[in-house]
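Worksheet: one structure, shown below.
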Amino acid sequence: MSEAAAIESHAPAGMDRTEVQLTPGNTGKLGMWIFLVGDAMTFGAAIAAYGALRIGNVNWPRPADILGIDTTAFMTFVLICSSLTMVKALSGIQHGNVAQLKKYLALTVLGGLIFLGMQAYEWTMLIGYEGLSIKTSLFSATFFALTGFHGMHVFGGVCYNGTILANAIRGYWPGANAKIVEIAGLYWHFVDLVWILIFTFVYLI
Amino acid sequence: MAQEATARHGDAPTPIAMDHPEPNYLAVFIYLTILTALELVVYYMHLPKTPMIALLVALAWAKAVLVAMYFMHLATEKRTLAVIAVVPILLVSFACFMLLPDLTSRPWASTPMHQQVTAEAHTSPEE
């Protein structure tokens, strides 16, 4: 399809015909990308600050002495699995397969809940048994801030996907359903991507 | 817009025409799993610090690129969108670079002399 034809078919009413859409047919996707870019800068700044504080402090503990590496590796695997189920759900709705959407979206929500449960367990161990809190040391402050901020994003993603799943189960299809799932998928994959970086920089290095 | 907002109970979604063939999501998932396992292997090898950090960072970025390119479909989107998505990496790299003089010119607790001065300041009575 030529550029002009693409604009013709996807341009909303009143749109300038010379304007080229970055995401033809799904302007919400561009909005989500812009949001994710801003969120990426927030996380990037937080991780950079963590790195700067750590480099400047010789008393920084070895993460493996306090944190559970194997448990966190499993949490990483769970999030990667949930990213796979999210794209499978999107693939289902793009092919008109509602059953596939519901099944894989439910698995994605389950993956998010498992991740949050394991993170809650990790925090309970650190706070209850190790005696760490956000004011104990720079290590604990940066750890709880980074993982807590990410955990909030996962919780938001679980609510977001859960809402779409609930609507799918009820048979409620407001307009462009595949586009909605695609936009939600972008958010969920971003959350997974950030955790991949946090796992490496906070837990392993 | 009003038509899109109206609930259509019971209407099953119709298949949409895809502009690009679907990536092999399962293959990407397997690559991600292998890279995660490799990260653990590198970690437990207890290599010297610099090569270990370099390997772990490279593996993490490889995973991030796979997720961005295939799960987030950046590989099939317009190039301008990919440029927008790369902007945070450039800005954060710039922020890290700009933090370096702060770390090198003002040691926090990194030198024994600083630790001694700090200890003396805490123990000596104020005049």
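Quick rundown of the values:
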| read-out | value |
| --- | --- |
| For region A:31-204, with +1 on Lys and Arg beta carbons and -1 on Asp and Glu, the positive-most of A:Ser82, A:Val202, A:Ala99 along the dipole | A:Ala99 |
| Exceeding the 28 Å Cα-Cα cut-off - candidates A:Lys29/A:Lys103; A:Lys135/B:Lys63; A:Lys29/A:Lys135 | A:Lys135/B:Lys63; A:Lys29/A:Lys135 |
| Rounded to whole Hz, the Karplus (6.51, -1.76, 1.60) HN-Hα couplings of region A:87-96, x for glycine and proline | 5, 5, 4, 4, 4, x, 5, 5, 9, x |
| Debye, to nearest 20: dipole size of region A:31-204, +1 on Lys, Arg Cβ, -1 on Asp, Glu Cβ | 380 |
| Two-site FRET efficiency, A:Val58 against A:Ile205, from Cβ-Cβ distance with R₀ of 25 Å, rounded to 0.05 | 0.95 |
| Fluctuation leader among A:Leu105, A:Leu146, A:Leu22 - chain A, Gaussian network, Cα springs under 10 angstrom | A:Leu22 |
| Computed label-point distance, nm, for sites B:Ile89 and A:Met152 using a 7 Å Cα→Cβ extension | 2.7 |
| Candidates A:Gly44, A:Gly111, A:Gly151: whichever shows maximal mean-square fluctuation once chain A is modelled as a Gaussian network with Cα springs under 10 Å | A:Gly44 |
| Exposure proxy ranking, count of Cβ atoms within 10 Å, fewest first, for B:Arg79, A:Arg54 | B:Arg79, A:Arg54 |
| Nearby lysines by direct alpha-carbon distance to A:Lys102 (threshold 16 angstrom, same-chain neighbours under 8 apart not counted) | A:Lys88, A:Lys179 |
| Region B:27-92 versus region A:89-121: alpha-carbon centroid distance in Å | 23 |
| Ranking of A:Val37, B:Val41, A:Val154 by count of other Cβ atoms within 10 Å, fewest first | B:Val41, A:Val37, A:Val154 |
| P(r), alpha carbons of region B:23-72 - 5 Å bins starting at zero, rounded % | 4, 22, 28, 20, 12, 9, 4, 1 |
| Computed FRET value (nearest 0.05) for B:Val57 with A:Ala99, which takes r as the C-beta separation and R₀ as 56 Å | 0.85 |
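Taken together, the values in this text are just the output of simple stated rules run on the coordinates, not laboratory data. In this text, all values refer to a predicted model and were calculated from it rather than measured experimentally. Cβ atoms come from the backbone with ideal geometry, glycine included; neighbour counts cover every protein chain shown.
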